[in-house]
Amino acid sequence: MLETIDSLPQILHPWLTWLSALTLGQIWKAVYNPPNKVNLTIAFLVISYRLPSYLKQYRTWRESKRVVEFEWAVPKEADKEWKGRVIENPSLFAHKHDESLLPPESGKTGEKRDYITCYDPSTGYHLLTLPLLSASEVSNQIIKAHSAQKGWAQTTFAQRISFLRSLKAWVLRDMEGIVRVACRDTGKTEVDAVFGEILTTLSKLDWLIKHGEKTISPSARPGNLLLAHKVSKVHYTPLGTVLALVSWNYSFHNLISPILAALFAGNTIVVKCSEQVAWSSLWFVGGIKACLRACGLDEDVVQLVVCLPDVAETVTRNRLIKHITFIGSEPVGKKVALAAAEIMVPTCIELGGKDCAFILPGTDLDFFSSTWMRGAFQSAGQNCIGIELFLVHRSQYPRFVEMMEPRVKALRPGTDVGSLISHSPIDKLTSILSSAQKSGAKISAGGKQYTHPTYPRAAYFEPTLVVNVTMDMEIAQEELFAPVMTVVPYDDIDEAVSWLNDSRFGLGAGVYGKNRGECRRVAGALECGMVAVNDFGVFYLNQAMPFGGVKASGHGRFGGEEGLRSLCSVKSITEDRFFSYIRTSIPPPVDFPIPEPKRAWGFLVGLVNLAYARTVWGRAKGLGGLLKGLM
């Protein structure tokens, strides 16, 4: 230490010598004087002043940690051993051809009502024939949600977080029941359900619990020299009642995800589920309402609408709705956008896509083969971010096909791969495959409807591998939403990128390779909303990330900060930093009536240069002009 002191300026030597000679005890005594009446009194006053605030923070923290247990019975139909009545020709309207599927009270009330037939597409079992809501009944539901919103907006973040923790506890405790309900209504396998329904939902819950409050709490924004005496903040306030029209492919997650975000933002929500999954949606929303009741909160903040498209049109045009989220097909998405424009509300529209796995030269095919199988056949390909297209460099193309063909052929419908949601897509799918064959493509595995030996009325399609595909074929341009692996060889990376960018779609993509720089270059060049490098779909498993696409894949984002804030009304508030002490006044040279225009001009030129001149000298001249104008 002393040797170091000698190298420092002479003037510092006495002070540094004294400091280096101090013992730890002397330093402690100098910093901390033993308690006496004066400092004890000061400490008591400070603690007493801050104690109410500390107690309030503690109570808020404790309330946010509260988990409320509640019971929600799993329906008997979800039991693995349950066997229902087999519908000969299962469809949403099977009851029109077989009136015995209608409930006993049907037609006895004198009231005309539409129905839908709920069934398990993987077995053909009848679940329920459900009466649909009329336009007036749906309107009443929207009014209920609207009426509940004012009270819900007054709930604290601690109350909302406690509600989310309670829902999370339910998902963890009753995961098997939730999975079985989802599988019964969609035909997916339990493995697929855990991936797509449970993991994603728990990720959403965790992100909201940990980061939601910070995301929509008032945030300070930087000012400038002219506003140095001001504080500027952005506030995120609830929009009101929002609407979500959600798809059937993930009946639990697609339903609960917009509900979680809307409620956390202080909104109430009306959810219009797909008719294909009305049975499970009723049960899932019932569980959410049970949680709200258990937490002492208003269950009217969530309303489920089950109706046909003609009634849904009245929902999207209801002026009590302040935001619309839509997940579904492009034709319906366009109608929703038109309806939203009519009532002037913002939208988030997700329309699916033609996501690719872009496999760069030299990629480790053996390592990623299982990832690609999961990406193509997860939920029987009925996955908006599923891999619909495999672009493989010609140098690795034969090896890729050689690896994938036996793996695809080994897949077992009903065990490895679930059913389609219904028989409806099968004819179109068969036609597209036939067209591809006629154009030179080869079906190396599958390619047709599968008749299950135990469940012949089920809606299965064989896991399919199509090779020798070119980008001008319909199969390479249209979203299939089916268990089909479509493989396109390419020679030049940039040319292949241009093929994809010329597509109508732009939801997500995966880029695979050994060179990080090349992977990043291709990921940056692709025109889409999300890219996973050397992985499949992980951008959605991370719910801190925004989800959405470009072009015909939609617009807007849900998930992450962007999604949560889009459900808020953004309000800018600026106030005095030292309230009532330093305030803005209108300087005399520019006060009405303007006393001297020439003086006012000189004052304003000085003000502009003081604030924004590029050099210090320019700002100094501006200050001089400002002072001159004030004199």
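The values are calculated or read from the model by the stated rules, or taken from the named source; none is laboratory data. Source: prediction; values computed, not measured. Here Cβ is always computed from backbone atoms with ideal geometry, including for glycine, and neighbour counts include all displayed protein chains. The protein model used for the area step is the full one, side chains on, heavy atoms only, and it has no ligands, DNA or RNA in it. Shrake-Rupley method; radii C 1.70, N 1.55, O 1.52, S 1.80 Å.
Mind listing whichever residues of the range 605-631 are of a type in the set (A, V, I, L, M) and open to solvent by 70 Å² or more (accessible area, probe 1.4 Å)?
Residues of the range 605-631 of a type in the set (A, V, I, L, M): 605, 607-608, 610-611, 613, 616, 620, 623, 626-627, 630-631.
Listed by number, the residues that qualify are V608, V616, L623, L627, L630, M631.
What do you reckon, is E342 farther than 14 Å from F481 by Cα and of a type in the set (D, E)? Spell out the reasoning first.
Numbers: farther than 14 Å from F481 by Cα: yes; of a type in the set (D, E): yes.
Spelling it out, E342 is indeed farther than 14 Å from F481 by Cα and of a type in the set (D, E).
Residues being assigned to a strand (DSSP E or B) and either in contact with a Pro (Cβ under 6 Å, 6 or more places away or on another chain) or on the phi > 0 side of the Ramachandran plot (or both): count how many of those fall in the range 393-432.
The total comes to 2.
Suppose we filter E527, E575 for residues that are open to solvent by 70 Å² or more (accessible area, probe 1.4 Å) and within 30 Å of T201 (Cβ to Cβ); which single one remains?
Answer to the selection: E527.
Answer yes or no as to whether E190 is over 26 Å from V538 (Cβ atoms), open to solvent by 20 Å² or more (accessible area, probe 1.4 Å) and not hydrophobic (A, V, I, L, M, F, W, C).
no
Name the pairs: first residue in the range 544-570 and under 16 Å from L205 (Cβ atoms) and open to solvent by 20 Å² or more (accessible area, probe 1.4 Å), second residue of a type in the set (A, V, I, L, M, F, W, C) and not in a helix (DSSP H, G or I), Cβ to Cβ under 6 Å, at least 6 apart or on different chains?
Partner pairs satisfying both residue conditions: F558/C348; F558/F547.
Which of the numbered conditions does I426 fail, given that it passes all the others? Conditions: (1) in contact (Cβ under 8 Å) with a residue 12 or more places away in the chain; (2) open to solvent by 60 Å² or more (accessible area, probe 1.4 Å).
(2)
Kindly check whether there is at least one residue in the range 359-374 that is under 19 Å from G549 (Cα atoms), open to solvent by less than 10 Å² (accessible area, probe 1.4 Å) and touching a strand residue (DSSP E or B) at 6+ places or on another chain (Cβ under 8 Å).
no
Test A600 against the criterion of being touching a residue at least 60 places away in the same chain (Cβ under 8 Å) and surrounded by fewer than 20 Cβ atoms within 10 Å (Cβ to Cβ), and give yes or no.
No: the conditions fail for A600.
What are the residue pairs meeting all of these: first residue in the range 147-161, first residue under 16 Å from S217 (Cβ atoms), second residue open to solvent by less than 50 Å² (accessible area, probe 1.4 Å) and hydrophobic (A, V, I, L, M, F, W, C), Cβ atoms under 6 Å, and 6 or more apart or on different chains?
Listed by first residue and then by second, the contacts come to R160/F264; I161/I209.
Every residue in the range 336-356 that is modelled with pLDDT under 95 and open to solvent by 30 Å² or more (accessible area, probe 1.4 Å), please.
none
Go through the range 429-462 and give me each residue that's open to solvent by 70 Å² or more (accessible area, probe 1.4 Å) and among the β-branched types (V, I, T).
T451, T454
Go through the range 243-285 and report how many residues are touching a Phe, Trp or Tyr at 6+ places or on another chain (Cβ under 6 Å) and not polar (S, T, N, Q).
Qualifying residue count, the range 243-285: 5.
Residues to consider are I582, I594; find the one that is touching an Asp or Glu at 6+ places or on another chain (Cβ under 8 Å), of a type in the set (V, I, T) and surrounded by 11 or more Cβ atoms within 10 Å (Cβ to Cβ).
After applying the criteria, what remains is I582.
Kindly indicate whether E77 is assigned to a helix (DSSP H, G or I) and either more than 26 Å from W283 (Cα to Cα) or open to solvent by 100 Å² or more (accessible area, probe 1.4 Å) (or both).
Values: assigned to a helix (DSSP H, G or I): yes; either more than 26 Å from W283 (Cα to Cα) or open to solvent by 100 Å² or more (accessible area, probe 1.4 Å) (or both): no.
For E77, the condition - assigned to a helix (DSSP H, G or I) and either more than 26 Å from W283 (Cα to Cα) or open to solvent by 100 Å² or more (accessible area, probe 1.4 Å) (or both) - is not met.
Scanning the range 514-524 for residues that are free of Cβ contacts under 8 Å to residues at least 40 places away in the same chain and open to solvent by less than 50 Å² (accessible area, probe 1.4 Å), which turns out nearest to E478 (Cα to Cα)?
The residue in question is A523.
Could you say whether any residue in the range 50-66 is farther than 26 Å from H211 by Cβ and surrounded by 10 or more Cβ atoms within 10 Å (Cβ to Cβ)?
Just the residues of the range 50-66 that are farther than 26 Å from H211 by Cβ, to begin with: 50-52.
From the residues that got through so far, the ones that are surrounded by 10 or more Cβ atoms within 10 Å (Cβ to Cβ) too are 50-51.
Yes: one or more hits.
Which numbered condition trips up Y125, out of (1) among the aromatic types (F, W, Y); (2) open to solvent by 10 Å² or more (accessible area, probe 1.4 Å); (3) in contact with a Cys (Cβ under 9 Å, 6 or more places away or on another chain)?
Checking Y125 against (1) among the aromatic types (F, W, Y); (2) open to solvent by 10 Å² or more (accessible area, probe 1.4 Å); (3) in contact with a Cys (Cβ under 9 Å, 6 or more places away or on another chain), the one that fails is (3).
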